[in-house]
Amino acid sequence: MIILRYLKKDTGGMITLSLLALITVIVPICNLLVPETSGLHVSTFTMTLLGKYLCYGLLAIAVDLVWGYLGILSLGHGAFFALGGYAMGMYLMRQIGSRGVYGNPLLPDFMVFLNWQHLPWFWHGFQWFWFAMLMVILVPGLLAAIFGWFAFRSRVTGVYLSIMTQALTYALLLAFYRNEMGFGGNNGLTDFKDILGFSLQTDATRAGLFIASALALGFGYLSCLYITRSRLGKLCTAIRDQEDRVRFIGYRVENIKLWIFTFSAILAGIAGALYVPQVGIINPNEFSPLASIEMVVWVAVGGRATLYGAVAGALLVNYAKSYLTVAMPDAWLFALGSLFVLVTLLLPRGITGLLRKKEASR
Amino acid sequence: MILLSSRWRSCLLCFLTIMSLVSFGVAPCPASEDTTLFEQGAHQLVHGNFRQKEAAIAKINATNDPRAEKLLRALLGGKLYRVKKDNNLVYITKKGSRVSITDVLSGKELGTVKKRTLKKITINNKLRSKLREELALLALRSPDPDKRLAAVNKLMSSLSPESAKILEKLITTETNSKVRQGLLTARAIANLRDTDDAKRLQALTELQGNLNPAVKNELTRLLGEEKNKDVRQKAEAVLSSIESKIAFYGLVEKIFFGLSLGSVLVLAAIGLAITFGVIGVINMAHGELIMLGAYTTYVIQQLMPNSIGLALLLAIPAAFVISGLAGILIERTVIRFLYGRPLETLLATFGISLILQQSVRTIFSPLNRSVATPAWMSGSLQLNPVLSLTINRLTILVFALLVFAGLYMLLKKSSLGLQVRAVAQNRSMARAMGIRAAKVDALTFGLGSGIAGIAGVALSQLTNVGPNLGQSYIIDSFMVVVFGGVGNLWGTLVGGLTLGVANKFLEPWTGAVLAKILILVFIILFIQKRPQGLFPQKGRAGAAS
Amino acid sequence: MRGKFTYLVLAVIMAAGSLTAGHALAGETIKVGILHSLSGTMAISETTLKDTMLMLIDEQNKKGGLLGKKLEAVVVDPASDWPLFAEKARELITKDKVAAVFGCWTSVSRKSVLPVFEELNSLLFYPVQYEGEESSRNVFYTGAAPNQQAIPAVDYLMNELGVKRWVLAGTDYVYPRTTNKILAAYLKAKGVADKDIMINYTPFGHSDWQSIVAKIKKFGSAGKKTAVVSTINGDANVPFYKELGNQGITADTIPVIAFSVGEEELSGIDTKPLVGHLAAWNYFMSVDSEVNEAFIDSWHKFIKNDKRVTNDPMEAHYIGFNMWVKAVEKAGTTDPAAVQKAIIGVTVPNLSGGYSAMMPNHHITKPVLIGEIQDDGQFEVVWQTPGLVAGDAWSDYLPGSKDLISDWRTPLACGNFNVKTGKCSGKK
């Protein structure tokens, strides 16, 4: 109930969530029930694309929670996203079973290919959906907790912390590229067949995944809203603005940071887990430092420290990317690059900041 | 080495009678059939496969025809062609887009033609090394001692009884001490195969501590088949002393590799140490400024294709100016609006890096560009048979130290440096003292960017010059700066060299990838212990969050 | 208010009008998708292939198009981002309704789009040499399989150069791993001892080759003829070759044979220190044939630069495109199912003066050429297989795949049929 109260004060959030609810209902209906010939039909392509954007939206919220509200610029959220994705990917790989090209009931194709005889220990358990889901939460959460425990306790802050998060994701990138790691190396995990017994190639499953992503985004939004508007959230903002003072008052700053950072990593992991079955591949590129910077840029474009701004930014930048890579394949980087420069220069509070300003002046 | 029939060898020598000092087994050179044999050989070169070509070379060489040497040298140098229309054998010399050709058999000039009407007479590695081996025999009598030494070493690596005899005879006449040493080693190696135990023992004494790889191989072979106990024992002792020497030089080599890798890291990072360290800007476009420097080198080399060495030297100031101007432009148009918001500069400069990348892709195409290495920077400095330092790496190591020293002096001794340090330490106080902080910011950023451009010149000698050049160095550069301590040049130097050496010592144990991962994990843990890096320093960046 | 409504109606009508106009246009042309990265790390290799496809389509249109219609190229940029490849493939097939797609370079991009092509039953022509171990109903592999490149190359080194000691150096990803596995098994079958084989993997874009080259040099000083078989990928090659040259490793001491270095890669290197090092491909720009000269001429004219080189993947697109054109003409339609049936057995000229045929396993027949690097950045062919080699989807030297065969003709219609168990695994 308290959430509803918070939501009432968050006009942007209301609009975002209503829109989200709307497309959650309409898009699957228009895809599954409206015939293809009709003008109202939403193609499977558009639906999976939207599903992907929703995952990015959730990821953007996770980044915004630590950056916008806590002041930690994480350049390594891609790592948590990818780890969640890999956990899901491993489940999906195990679901292939003996339908792989080599027909090996236990080993995924890439292991047969490399003459591996046994399933590595960390692949056990992933045949169960519940286990994989647990790992989606645990692996990114634990990594964030360990990293944060070290970093926040020794008071690494600011740009140093950003660079350390970047080093983290870069190290993971290099590690996952190694074939010996047992995660498929550069090729990653692909060729998924089904999830929970539903074929990934059918539109109904895709609609299901789309709805799941929308729900996850909604849940993520509300939980972040709850956190940011609660006492904890006020403390976060205080830490962002004057960390030392909060510490002098007697709060354990590092604990607060650790909790929020870990929660954010879990959200990113969930986003990754939903992303993988929709795009059909997870590979080490998701760990690349550039991908993580891009995530921060979504938030900056949308508007830092507003949750709906983060969602809007993720959607907008990714839509622009999808559109520009077709419309001007040779020059889209110019457009994207200029967008980043112009937004940081002219719209320090992002695009939603522009709207808010209008609202305020009215 | 495969020695050819004695007939060929002796004829080869007789082909050299004039300069030959030692003559042995001079066979009478048949002159009457030479012309026809030569022509037959030439015919075979045009029509044969590689085996037939090999025979043809032997045939041509055996003729003692005056045209033979020129023909074989042209063959080795890739200057021998056939005319597609009539299959005549010709020599070519380039004349712009066309080539002028000379008939091989008659020696007549045939004018210029389009290259497409000709077809090269190809040789493969096997023929090439055969031709070279013959040249090695010729080179034994070369006036240049380096060439003689190379020839001796080449013959030594696969010594046959015949070549051993030739080498032994040369000992008495050789004047150069290095070459003489090589000849003595060759004799000792030959003696290791002698049936007389005393001779073998004597040879072992001579080979004590000799690092020539042929010696080590020969000793390993000897230990496999030696029956005599004394000789065996001695051989084992000699071999283990050689091996411990090799291990020592291996260590020296590893340190050099590490320092060289470190110097590249320092070069790439030192500009960042200025922009990031002194004025607290996270410049994600730093890598692209390096790239601009590398492209500048390419463009200048294109402008003066005949003196690439000079072009490389000219590229250093040019790259400094171009990257520096680009940096000042970035600072004036974007970054100056973002001071005090260091994390936002990251985003804006990331956007700039995308734009710069796509710009060079549009201007220079996405393909890598080829930057030539001048002769004085290629090859290696052979200190002994197992330790050689590559000259380009050595140059870059020295260059990095020079750049560091120059920059250090600039910051410590010049008035600009004083202002830069003042603004970095206390901006408002510096302004109160009358320093125009905005100008200093622009100049500092330009300086850091210019240094990045210089790094690009050095990197163009080691790696690809392409649109992705910058990306591959940006993260490493940040690591070096953070590890060394932001705002401290010494930190960058020590940090970069340490990381380089550590990497090279880890690599043999873990492989290249794992070594890099371990270094990253180490840096992450290190920063937890010392959040300000190796050499902490107070400054704007130190306090910024 | 009323005014606004009118605008809205007008806009809707116009949008609808433009939509139908779009449809009418689509009816007049046959769309061909081009799925090559134009930005990101792979742009360096793939941009040329996009241009090649545009040239081939342009030429076909000058010849009167296909089935009486003009061909229309749809170019998209998957930006070296593998999930984006799948997204763009889906877009090309469902939104642009292309008849076939020519694209991909890396294995991972192919793996990423593969499920999309199978689900939507469209056609992909893949032009790059790859690790094999795949045969999809919807993919046509016009580049070399390992038996069309690696094994003949090793044979050449062994028989012609008398190589006894082998360094297998590669970038750490699936193509080098598989190729080296196959080669190691092959070499051991030929009696090469374990201690005479050194295998080394490096990360992508590896730039500091000092210690590895020093190790190779040491390995090669053991008195036996040594060669390096390089599956080093793309950007790592320039620093590798530079280091080789500087440490004094020349082609007559330790020759290097590469499977991923072609004319285009050489155009970024100063090749003078590299003369005599080798590469194995199915095509070299220096190949002496009428059809190759014509191809080079039209390429120079199209790209408006007579310094640009041609390379093996370009030839693969040339062959693949002509095969597709011929199959469409044979089938009388661009319907993928019909083209799949018609294309098996289609034979078209390749650029080395012979003919290549599409095999039932969706791989093609090609000659294998070994070339030596020249100082002008070109290769000279020094050896050539006597006949054509048919691409083998499943290697005989890997334990997991030696029992698998592929045949997409109707009775079997399976890409991975196990001859031992008599089963086609993975078939729904």
_Rounded, prolate or oblate, given the Cα gyration tensor of chain B, with a/c below 1.5 counting as rounded?_
oblate
*Among C:399-410, A:204-215, how do they line up from the highest to the lowest mean number of other beta-carbon atoms within 10 Å?*
A:204-215, C:399-410
_Counting only other chains, and only Cβ atoms inside 10 Å, what mean value do you get across the residues of C:268-274?_
4
*DSSP loop (so not H, G, I, E, B), at most 14 other Cβ within 10 Å: list which trypsin sites (Lys or Arg not before Pro) in region A:222-259 pass both filters.*
A:Arg252
*Span-like helices, chain A: DSSP H, alpha-carbon axial extent 27 Å or more, mean Kyte-Doolittle 1.6 or greater, which ones?*
A:11-32, A:129-153
*Please sort B:296-305, C:231-240 by packing, taking for each peptide the average over its residues of neighbouring beta carbons within 10 angstrom, highest first.*
C:231-240, B:296-305
*Radius of gyration and Dmax over the Cα atoms of the protein assembly as shown, both given in Å*: 33.6, 118
*Charges only on Cβ, +1 for Lys and Arg, -1 for Asp and Glu: so what's the dipole of region B:405-477 about the Cα centre, in debye to the nearest 20?*
460
*Given a cut-off of under 8 Å on Cα pairs at least six residues apart, what relative contact order in percent is computed for chain B?*
15
_Computed over region B:142-227: relative contact order in percent, which uses C-alpha pairs under 8 Å that are six or more apart_ = 25
_Zero-based 10 Å bins, Cα pair distances in region C:324-387, whole percents_ = 20, 36, 23, 16, 5
_Charges at C-beta only: +1 for Lys and Arg, -1 for Asp and Glu. How large is the resulting dipole of chain A about its Cα centre, in Debye rounded to 20?_
1400
*Ellipsoid semi-axes in whole angstrom, largest first, where each is sqrt(5λ) of the Cα gyration tensor of region B:80-120*: 14, 12, 7
*When the helices in the protein assembly as shown are scored as -39500 (n - 2.57) per DSSP H run of 4 or longer and the sum is shared across all residues, what 222 nm value do you end up with, to the nearest 500 deg cm²/dmol?*
-19500 deg cm²/dmol
*Could you tell me the distance between the Cα centroids of region B:335-379 and region B:483-539, to the nearest Å?*
24
*asked:* Let me confirm the definition first: pairs of Lys residues in region B:390-545, 8 or more apart or on different chains, C-alpha distance under 30 Å. How many are there?
replied: 11
*Report the dimensions of chain C along its three principal axes from the alpha-carbon atoms, largest first, rounded to Å.*
90, 52, 46
*Which three lengths, in whole Å and largest first, does region A:1-82 cover when its Cα atoms are put on their principal axes?*
50, 34, 17
*Cα gyration tensor of region B:324-450, axes a ≥ b ≥ c as square roots of the eigenvalues: rounded (a/c below 1.5), prolate (a/b > b/c) or oblate?*
oblate
*Considering the options B:Ala55, C:Trp299, C:Met323, tell which one lies farthest towards the positive end of the dipole of the protein assembly as shown, charges being +1 on Lys and Arg and -1 on Asp and Glu at the Cβ, about the Cα centre.*
C:Trp299
*Which are the unpartnered cysteines of chain C, meaning those with no other cysteine Cβ under 4.7 Å from their Cβ?*
C:Cys104
*Taking 1 over the mean of 1/r across every pair of different Cα atoms in region C:67-184, what Kirkwood radius in Å do you get?*
16.2
*10 Å Cβ neighbours from other chains, averaged over peptide B:378-391*: 3
*asked:* Past the 21 angstrom mark, what percentage of all C-alpha to C-alpha distances in region C:29-98 do you count?
replied: 29
*So for region A:186-246, Kirkwood radius off the Cα pairs, Stokes-Einstein at 37 °C and 0.692 mPa s: how many µm² s⁻¹?*
218
*Would you grab the residues whose amide H sits under 5 Å from the one on C:Thr202? Only those 5+ places off in sequence or on another chain, please, with H modelled 1.01 Å from N.*
C:Gly170, C:Thr171, C:Asp172
*Set Lys and Arg Cβ to +1 and Asp and Glu Cβ to -1, take the dipole of chain B about its Cα centre, and tell me which of B:Gly327, B:Leu265, B:Leu387 lies farthest positive.*
B:Gly327
*Can you check how the C-alpha radius of gyration of region B:290-349 compares to 2.2 N^0.38 Å, as a plain ratio?*
1.48
*Over region B:142-227 - Rg/Rh using Cα atoms and the Kirkwood inverse-distance radius*: 0.96
*What lysines could a cross-link reach from B:Lys120, if we take a straight Cα to Cα line under 21 Å and drop same-chain neighbours fewer than 8 places away?*
B:Lys53, B:Lys59, B:Lys70, B:Lys79, B:Lys84, B:Lys85, B:Lys94, B:Lys95, B:Lys108, B:Lys130, C:Lys272, C:Lys307
*List the pair-distance distribution P(r) of region A:18-289, using every Cα-Cα distance, as the percent of pairs falling in each 10 Å bin from 0 up to the bin containing the longest distance, rounded to whole percents.*
7, 27, 30, 22, 11, 3, 0
*Taking all pairs of distinct alpha-carbon atoms in region B:278-379, Kirkwood radius in angstrom*: 14.9
*Evaluate the charge dipole of the protein assembly as shown about its Cα centre and quote only its size in Debye, nearest 20, assuming +1 on the Cβ of each Lys and Arg and -1 on the Cβ of each Asp and Glu.*
2740
*Average projected area of the Cα convex hull of region C:155-236, in nm²?*
5.3
_Which of A:Ser38, A:Ser288, C:Ser267 has the fewest other C-beta atoms within 10 Å, and how do the rest follow up to the most?_
A:Ser38, C:Ser267, A:Ser288
*Towards the positive end of the charge dipole of the protein assembly as shown, with charges on Cβ (+1 Lys, Arg; -1 Asp, Glu), say which of C:Ser406, B:Ile519, C:Pro83 has the farthest Cα.*
B:Ile519
_Report the Cα centroid-to-centroid distance between region B:248-299 and region A:150-188 in angstrom, as an integer._
22
*Order of B:Asp194, A:Asp194 from fewest to most other C-beta atoms within 10 Å?*
B:Asp194, A:Asp194
*Which of the helices in chain C, when you take each full DSSP H run, stretch at least 30 Å along the axis at their Cα atoms and have an average Kyte-Doolittle score of -1.0 or higher?*
C:2-28
*Ranked by how many other beta carbons lie within 10 Å on average, peptides B:215-226, A:300-311 from highest*: A:300-311, B:215-226
*Label C:Ser298 and A:Phe219 with points 7 Å out from Cα along Cα→Cβ: what is the distance between them in nm?*
5.8
*Net length gained if the chain between B:Tyr249 and B:Thr205 were fully extended (0.36 nm per residue, minus Cα distance)*: 13.7 nm
*Which helices, taking whole DSSP H runs in chain B, have alpha carbons extending 30 angstrom or more along the helix axis plus mean Kyte-Doolittle at least 0.5?*
B:229-272, B:308-333, B:342-364, B:391-413, B:437-459, B:489-510
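Computed from the coordinates by the stated procedures, all read-outs in this text should not be read as laboratory data. Fair warning: this is a prediction, and the values are worked out from it, not measured in the lab. No Cβ is skipped: glycine too gets one built from the backbone with ideal geometry, and neighbour counts run over all protein chains shown.
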